[in-house]
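To start, the structure itself, in structure tokens.
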Amino acid sequence: MNVGELIRKCRKKAKLSQEAFAELMHTTQSTISRIEQNIIACEVNFLARTAAITNSQDTVVAALFSADAALQLLQTVPMFIGGLIVWIM
């Protein structure tokens, strides 16, 4: 799931229109539409505010730390540790 889909899911879970959500987020409906379509990117604080306003913290955390994300992290940790050991020596 990409960020735009995640924001749309949170907004719909809260039963907010794009217009109502945009007002709460202090932006325009067209900006919300473009973010949800992944035409433009949003900053992390936008995602955090989305979670708070829509009371969807659980949804955001689950998406960010999904099985795919956890697998990617587990694959990255050994490379990081290996690089750290090489740097120390």
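Among residues of region 48-60 being modelled with pLDDT of 90 or more and open to solvent by less than 40 Å² (accessible area, probe 1.4 Å), the one that is farthest from the chain's Cα centre (by Cα) is Thr54.
Quick check on region 34-43. Is at least one of its residues part of a helix (DSSP H, G or I) and either loosely packed, with under 14 Cβ neighbours inside 10 Å or at pLDDT below 85 (or both)? No, region 34-43 contains no residue that is part of a helix (DSSP H, G or I) and either loosely packed, with under 14 Cβ neighbours inside 10 Å or at pLDDT below 85 (or both). Just the residues that are assigned to a loop (DSSP other than H, G, I, E, B) and open to solvent by 70 Å² or more (accessible area, probe 1.4 Å), please, taken from region 1-27. Scanning region 1-27 gives Met1, Lys15, His26.
The values are calculated or read from the model by the stated rules, or taken from the named source; none is laboratory data. All figures in this text were calculated on a predicted structure; none of them were measured in a lab. So basically every Cβ, Gly included, is an ideal-geometry build from the backbone, and we count neighbours across all protein chains shown. We work out accessible area using only protein heavy atoms, side chains counted, and drop any ligands, DNA or RNA first. Shrake-Rupley method; radii C 1.70, N 1.55, O 1.52, S 1.80 Å.
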